[in-house]
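Below are the structure tokens for one structure; questions will follow.
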Amino acid sequence: GAGVSQSPSNKVTEKGKDVELRCDPISGHTALYWYRQRLGQGLEFLIYFQGNSAPDKSGLPSDRFSAERTGESVSTLTIQRTQQEDSAVYLCASSVQGARWTEAFFGQGTRLTVV
Amino acid sequence: DQQVKQNSPSLSVQEGRISILNCDYTNSMFDYFLWYKKYPAEGPTFLISISSIKDKNEDGRFTVFLNKSAKHLSLHIVPSQPGDSAVYFCAASAQDDKIIFGKGTRLHILP
């Protein structure tokens, strides 16, 4: 596709279950970002990939959160033992190099609801 | 600790007038600043950016001003149009390429 694709678009899960969120960046984009937007809040930085490596994981809220990227393409954000405070829209963005210098394109997000 | 602050959650402006959205930052290492616009149920889209070596950048109806000594930037939209109604996010980055966003300001353009 032409843009950043995220799946699923909506996910409702029970507290304590694990979830996987997927991001397909724009082809050729080496930089990939994950953000979280909780209700009424801004975009909270989670993790940044340059290629398949993540130079900065400092935004991951707890060890229940992990992310990986393979083939300098698809990225998966995994949340283990979900809690209600994990409910948010999870946004993925990609850019040609770093979003600092070139425009970052965002996907539409995955709305996660933990019940 | 919020490094990028947008202290106005919302702003209403008459169509045709100037919209001014403000942003303050605390990290003196930030040297690149961006504005993103977001419509409901869509991801944010890039609007305009400015490097710390400049104090102004203009693109059509949009101008961003940077005051480094005050650690303050603003986005001016003139003239404001109905399609400008959206949430505007201010963002900043340092050498580490991490982009830090503010909480956003919801802009309402009134007819």
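Checking the structure you have, find out if any residue of segment B:40-49 is acidic (Asp, Glu) and more than 8 Å from chain A (Cβ to nearest Cβ).
No; the residues of segment B:40-49 include none that is acidic (Asp, Glu) and more than 8 Å from chain A (Cβ to nearest Cβ).
Let's see how each residue does on (1) touching a helix residue (DSSP H, G or I) at 6+ places or on another chain (Cβ under 7 Å); (2) touching a residue at least 60 places away in the same chain (Cβ under 8 Å); (3) surrounded by 12 or more Cβ atoms within 10 Å (Cβ to Cβ):
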site	(1), (2), (3)
A:Ser9	no, yes, yes
A:Glu14	no, yes, no
A:Asp18	no, yes, no
A:Ile26	no, yes, yes
A:Thr30	no, yes, yes
A:Tyr33	no, yes, yes
A:Gln41	no, no, yes
A:Glu44	no, no, yes
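Please verify whether segment A:18-33 includes one or more residues that are of a type outside the set (D, E, K, R), more than 14 Å from chain B (Cβ to nearest Cβ), over 19 Å from A:Arg111 (Cβ atoms) and not in a loop (DSSP other than H, G, I, E, B).
No, there is no match, as no residue in segment A:18-33 is of a type outside the set (D, E, K, R), more than 14 Å from chain B (Cβ to nearest Cβ), over 19 Å from A:Arg111 (Cβ atoms) and not in a loop (DSSP other than H, G, I, E, B).
Taking the criterion of being surrounded by 12 or more Cβ atoms within 10 Å (Cβ to Cβ) and small (Gly, Ala, Ser), would at least one residue in segment B:25-37 satisfy it?
No, segment B:25-37 contains no residue that is surrounded by 12 or more Cβ atoms within 10 Å (Cβ to Cβ) and small (Gly, Ala, Ser).
Sticking with this structure for a sec: Can you go through B:Asp55, B:Asp84, B:Asp97 and tell me which one is of a type in the set (Asp, Glu) and either without any contact (Cβ under 8 Å) to a residue 12 or more places away in the chain or closer than 23 Å to A:Leu32 by Cα (or both)?
Every option except B:Asp97 fails the conditions.
Every residue in segment B:63-76 that is open to solvent by less than 70 Å² (accessible area, probe 1.4 Å) and within 10 Å of the chain's Cα centre (by Cα), please.
B:Thr63, B:Val64, B:Leu73, B:Ser74, B:Leu75, B:His76
Just to be sure I understand the filter: pairs with C-beta atoms under 8 Å, separated by 6 or more residues or on different chains, first member in segment B:12-41 and at pLDDT below 95, second member surrounded by 12 or more Cβ atoms within 10 Å (Cβ to Cβ) and of a type in the set (D, E, K, R). Which pairs pass?
B:Ser28/B:Lys71; B:Tyr32/A:Arg100
Here's something else I'd like to know. Quick one: is A:Lys57 open to solvent by 80 Å² or more (accessible area, probe 1.4 Å), modelled with pLDDT of 90 or more and charged (D, E, K, R)?
Spelling it out, it is not the case that A:Lys57 is open to solvent by 80 Å² or more (accessible area, probe 1.4 Å), modelled with pLDDT of 90 or more and charged (D, E, K, R).
Considering only residues of segment B:38-55 that are in a loop (DSSP other than H, G, I, E, B) and of a type in the set (Gly, Ala, Ser), which is most open to solvent (accessible area, probe 1.4 Å)?
Restricting to residues being in a loop (DSSP other than H, G, I, E, B) and of a type in the set (Gly, Ala, Ser), the top hit is B:Ala41.
The values are calculated or read from the model by the stated rules, or taken from the named source; none is laboratory data. Just so you know, these numbers come straight off a predicted model, no measurement behind them. Note that we place each Cβ from the backbone using ideal geometry, even for glycine, and neighbour counts take in every protein chain shown. Quick note on the areas: whole protein, heavy atoms, side chains included, nothing else; ligands and nucleic acids left out. Shrake-Rupley method; radii C 1.70, N 1.55, O 1.52, S 1.80 Å.
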